[in-house]
Amino acid sequence: MLYVYEVQVVAEAQRKGVGKHLATLAELIAKKNAMKGVLLTSFKNNPASNDFFLRKLKGYAVSPISPSYANPLSAEEFTYEILAKLWDPEAEALLKARADEARQAWLESDLEEKVMEKLA
């Protein structure tokens, strides 16, 4: 996977195709290097970014490894979502299976309490 760590487009350059071009370049780099997709972090308090990736670009979705999915008991504590565009069905299935394992562990009885005890 190609993980886009941080990209910011200044307000003056937004809505001019810069973000779409950068996303296309990231996808091209990933494909040319035989990667299975692109992952990135989008902050919940940035609705323009979330709208851009989830509605304007094609193929991006909240990843199963995002905290809101994998750790639903603590989803509100996280300020971000992990978004993904995957083009390899096997990789997507494996990522989902691993996320489901993590999710189930969090949802099992008293695991949340054990974590909170360790943090206290």
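Listed values, structure above:
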| quantity | calculated |
| --- | --- |
| Counted residues, region 3-30 - those being assigned to a loop (DSSP other than H, G, I, E, B), open to solvent by less than 100 Å² (accessible area, probe 1.4 Å) and either out of contact with any strand residue (DSSP E or B) (no Cβ under 9 Å at 6 or more places or on another chain) or more than 20 Å from Ala61 (Cα to Cα) (or both) | 4 |
| Of all residues making up region 31-74, the number that are surrounded by 15 or more Cβ atoms within 10 Å (Cβ to Cβ) and farther than 27 Å from Arg15 by Cα | 9 |
| Test: Ile65 is of a type in the set (Val, Ile, Thr), under 15 Å from Val4 (Cβ atoms) and part of a loop (DSSP other than H, G, I, E, B) | yes |
| Some residue of region 25-34 being aliphatic (A, V, I, L, M), more than 16 Å from Glu6 (Cα to Cα) and touching an Asp or Glu at 6+ places or on another chain (Cβ under 9 Å) | no |
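The values are calculated or read from the model by the stated rules, or taken from the named source; none is laboratory data. The shown structure was predicted, so the numbers you read here are calculated from the model rather than taken from an experiment. Glycine also receives a Cβ, built like all others from the backbone with ideal geometry; neighbour counts cover every protein chain displayed. Areas reflect the complete protein model, heavy atoms only, side chains present, ligands, DNA and RNA absent. Shrake-Rupley method; radii C 1.70, N 1.55, O 1.52, S 1.80 Å.
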